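Asker: My questions all concern the structure below.
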Amino acid sequence: MVSIAFPLFKLIGSVGVGLPIGDLGQIRFDMHVKVKNLCLILLGLLAAGLTLAGMENFSGSKPVYFLFSFFYWLMLITAFSRSAHFGYIFLAVMLWLGFWAKLTLHLILDYPFIEPVGGFVGSPTAWNEVLWVALLACLGVMVGRLIGTIVFKIYSRKMRCEQSSAPAWYPSVRIWLWLCSGIGIIGLAVVNVVLGLQQIGLVPRTILPWPMNALIVWQVTIGWALLMTVLLWWEVLLRKNIAAAVYAPIIEAFLSASSVLSRGILLFHSLPQLFALFENRKSLIGLSKAKVVVLIVFLGCSLIFVTSGVNTVRAHLYSEYGSFPTHRIFDDFVYKLGSESLNSILGLAVDRWIGLEGVMAIVAYPEKNLALLREAALEKRAAGFVTKFNVIANSHYQWIDTSKWRFASLPGPAAFLFFSGSLWVVLLGMALFVIVLQMCEQLVFKLATNPLLCSLTGFTMANTISRFGVAPRQDIPFYGMIACFVLFVHVLQSVKFNKMLQMLTRTCTGRSKL
């Protein structure tokens with residue numbers, strides 16, 4: 001306490017005689033370091049306490065649980081090093097939540113798992129095998145990160161505006177671009193609601209001429225968010241005041257989440273962009289600390305409204321699972337907004353992340369082999385088709401009416417790879433996932449030089465990996481369209497395109513004069 005108070009007294013006493021700016025900066029820096037170190041110590045003590053409490057309640061081998069905890073915390077710590085890709089950061093956090101945090105909280109609080117676990121009996125031997133699979137998945141992630149660090153030239157997540165520039169044509173059309181984007185975001189959100197093209201858990205109500213369904217769904221689920229990363233970063237490069245523009249990703253995410261009936265989209269679209277902006281905060285203009293606080297409050301309120309609204313509409317649309325009269329929708333929304341929103345958000349914070357239950361179900365399944373892995377990899381979603389994992393996990397989704405509903409339990413990458421029955425496949429497969437993740441993010445940076453775009457694409461890939469396992473080959477068109485978008489941005493920012501546009505403008509101007 002004295003060590004903190006002494007610099008304060010020194011600062012107060014020095015005001016009258018004129019404290020040099022350097023001394024003031026040093027005092028602030030010293031206090032910042034001390035507060036940071038104190039927070040790290042408190043977090044370390046909390047982690048140790050939770051680990052010991054979980055170990056006490058774990059029915060399997062205590063050393064195995066300790067190794068499991070040690071490596072998952074190590075993975076999380078390495079994720080926040082300066083050389084880590086955005087995608088690796090997000091994937092490490094998702095896997096940590098889906099395995100270590102979920103298991104430890106269930107051990108301490110002793111409440112049932114939400115996801116199906118098949119024939120898992122919970123014996124000490126079975127729990128040890130689950131933790132070994134999870135541990136090898138974690139090691140694979142860190143091995144993949146190490147290989148990526150050696151193979152790829154790691155770009156810095158923190159950029160100077162001098163490293164890139166907005167297209168020369170952008171300043172003259174920026175207002176129109178933002179206006180048209182806003183109209184498009186609102187318009188397609190409404191179209192999606194009216195036509196029911198993409199709403200979580202429901203089969204599309206309308207089939208438009210090919211490929212309109214795919215294009216509109218892609219635009220609502222990720223396309224508008226990708227566009228926001230480009231426009232917002234160009235604003236930063238122009239050295240504009242972004243105090244208002246920074247709300248655009250949250251508003252887009254709010255509208256898309258409400259349209260698709262996905263609570264997660266609000267965070268999946270906005271958080272990666274806000275995190276990348278935070279990493280590059282020295283390049284931002286117009287964001288004071290007070291405005292950042294207001295932005296955080298706005299994001300929190302948006303999350304509460306989306307969670308309550310989506311839960312209400314889902315309860316009405318998923319009528320087979322507990323309906324209520326239509327005239328009570330507003331009353332139910334108010335009730336969820338007031339008394340259930342916080343509990344719902346806290347429940348989603350850990351239990352909705354995929355990982356542990358999938359491994360539990362696969363560990364209990366006796367017929368694991370490479371043929372099973374190949375069969376799962378080649379599955380294709382279709383009406384009336386039930387995925388192999390849903391049968392193995394004994395998910396209740398295998399009995400729903402697939403002509404109306406589109407639900408499925410997800411295995412996650414570790415469980416999917418353990419279809420093979422080999423821990424080596426789990427280790428090498430997870431390493432390959434991470435290598436590809438880093439390679440793709442590196443390529444996005446090389447083509448677009450945009451940390452916001454890198455962050456969003458990295459998060460999207462990390463989310464796909466963390467939920468991997470249901471008809472994975474059908475994700476290829478989705479990422480093919482993202483690749484086309486990145487290439488399009490590369491062309492728009494290229495010097496050749498700007499020169500061609502200038503020549504075209506001069507030609508048109510010359511003809512108009514004639």
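The values are calculated or read from the model by the stated rules, or taken from the named source; none is laboratory data. On a predicted model such as this, the values are computed, not experimentally measured, just so you know. With ideal geometry, Cβ positions are generated from the backbone for all residues, glycine too; neighbour counts draw on all protein chains shown. Please note that ligands, DNA and RNA were not included when accessible areas were found on the heavy atoms of the full protein model with its side chains. Shrake-Rupley method; radii C 1.70, N 1.55, O 1.52, S 1.80 Å.
Asker: So which of Lys102/Lys380; Lys62/Lys102; Lys368/Lys404 end up more than 20 Å apart, counting from Cα to Cα?
Answerer: From Lys102/Lys380; Lys62/Lys102; Lys368/Lys404, over 20 Å: Lys102/Lys380; Lys368/Lys404.
Asker: Follow-up. Within a Cβ distance under 14 Å of Gly358, other residues only, what is the Lys/Arg minus Asp/Glu net charge?
Answerer: Net charge in that neighbourhood comes out at +1.
Asker: Roll a 1.4 Å probe over the protein heavy atoms and report the accessible area of Met142 in Å², nearest 10.
Answerer: In the full protein context, Met142 sits at about 40 Å².
Asker: Between Val297 and Lys158, what FRET efficiency follows from the Cβ-Cβ distance if R0 is 25 Å, with the result rounded to 0.05?
Answerer: Once the sixth-power term is evaluated, E becomes 0.45.
Asker: How much length would be gained if the chain were fully extended between Phe407 and Leu38, taking 0.36 nm per residue of separation minus their Cα-Cα distance, in nm to one decimal?
Answerer: Roughly 128.3 nm would be gained on extension.
Asker: Please find the FRET efficiency linking Ile476 to Cys180, where r is the Cβ-Cβ separation and R0 is fixed at 30 Å, and quote it to the nearest 0.05.
Answerer: 0.50
Asker: Keeping all protein chains in position, work out how much accessible area Ser420 exposes to a 1.4 Å probe, and write it in Å² to the nearest 10.
Answerer: Ser420 has an accessible surface of roughly 10 Å² with all protein chains in place.
Asker: Determine the gain in length on full extension of the stretch Arg281-Ile147; use 0.36 nm per residue of separation and subtract their C-alpha separation, reporting nm with one decimal.
Answerer: Answer, rounded to one decimal: 45.3 nm.
Asker: Are there DSSP H segments in the chain that both extend 24 Å or more along their axis (alpha-carbon positions) and score a mean Kyte-Doolittle hydropathy of at least 1.6? List them, or say none.
Answerer: 170-195, 423-448, 476-493
Asker: Dipole of the chain (Lys/Arg Cβ +1, Asp/Glu Cβ -1, origin at the Cα centre): which of Ser156, Ser172, Gly421 lies farthest to the positive side?
Answerer: Ser172
Asker: Moving on to the next point. For the stretch 53-116 and the stretch 128-196, compute the distance between their C-alpha centroids and round to whole Å.
Answerer: Using only Cα atoms, the two centres lie 25 Å from each other.
Asker: Over the chain, calculate the relative contact order: mean separation of alpha carbon pairs under 8 Å at least 6 apart, over the residue count, as a percent.
Answerer: Computed value for the chain: 23 percent relative contact order.
Asker: Quick one: accessible surface of Leu432, probe radius 1.4 Å, all protein chains present, in square angstrom to the nearest 10.
Answerer: Accessible surface of Leu432 is approximately 110 Å².
Asker: Dipole magnitude of the stretch 367-410 about its Cα centre, charges +1 at Lys/Arg Cβ and -1 at Asp/Glu Cβ only, in debye to the nearest 20?
Answerer: 140 debye
Asker: Would you mind calculating the gained length between Leu428 and Asn213 on full extension (0.36 nm times residue separation, minus the Cα-Cα distance), in nm to one decimal?
Answerer: The Leu428-Asn213 span can extend by a further 73.8 nm.
Asker: Calculate, for Ala243 and Leu492, the FRET efficiency according to 1/(1 + (r/R0)^6) with r their C-beta to C-beta distance and R0 22 Å; round to the nearest 0.05.
Answerer: According to the calculation, E is roughly 0.30.
Asker: What is the packing order of peptides 85-94, 240-249, 220-229, taking the mean over residues of other C-beta atoms within 10 Å and listing the highest first?
Answerer: 85-94, 220-229, 240-249
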